[in-house]
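Notes follow once the structure below has been shown.
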Amino acid sequence: QVQLVESGGGVVQPGGSLRLSCAASGSIFTIYAMDWYRQAPGKQRELVATSFSGDRTNYADSVKGRFTISRDNAKNTVYLQMNSLKPEDTAVYYCHFRTVVREFWGQGTQVTVSS
């Protein structure tokens, strides 16, 4: 059974940095996209960044220039480097893998940006 395990969340001051990781346990074939979503209290889950196979990436406007998504295909792992964090980045962050036949979600990791 495949599980996505996230790590790297925590509490950071405004302007600080965090790096999230999400690794798949078990075998997943043909992952064509790896995403990071986030959900703040009282808000809908939103797509933050996507890494497609072939190295193309997309970002939400709110994080462009501050966040960087990267992946290690050999390890079925995706990362999210978050710099210049703002209080409005506070949310639970979820990783999401897409294959041809199904999709997988991580359990979420809390990121809190507060002074």
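The values are calculated or read from the model by the stated rules, or taken from the named source; none is laboratory data. In this text the structure is predicted, and so the values were computed from the model without any measurement. Here Cβ is always computed from backbone atoms with ideal geometry, including for glycine, and neighbour counts include all displayed protein chains. Side chains are part of the model used for accessible areas, which takes the heavy atoms of the whole protein and leaves out ligands, DNA and RNA. Shrake-Rupley method; radii C 1.70, N 1.55, O 1.52, S 1.80 Å.
Our note on the geometry: Cα centres of segment 62-91 and segment 92-115, 11 Å apart.
Would you mind telling me the share, in percent, of accessible area of the chain contributed by carbon and sulfur at probe 1.4 angstrom?
47 percent
What you get for the chain, charging only the Cβ of Lys and Arg (+1) and of Asp and Glu (-1), is a dipole of about 40 debye around the Cα centre.
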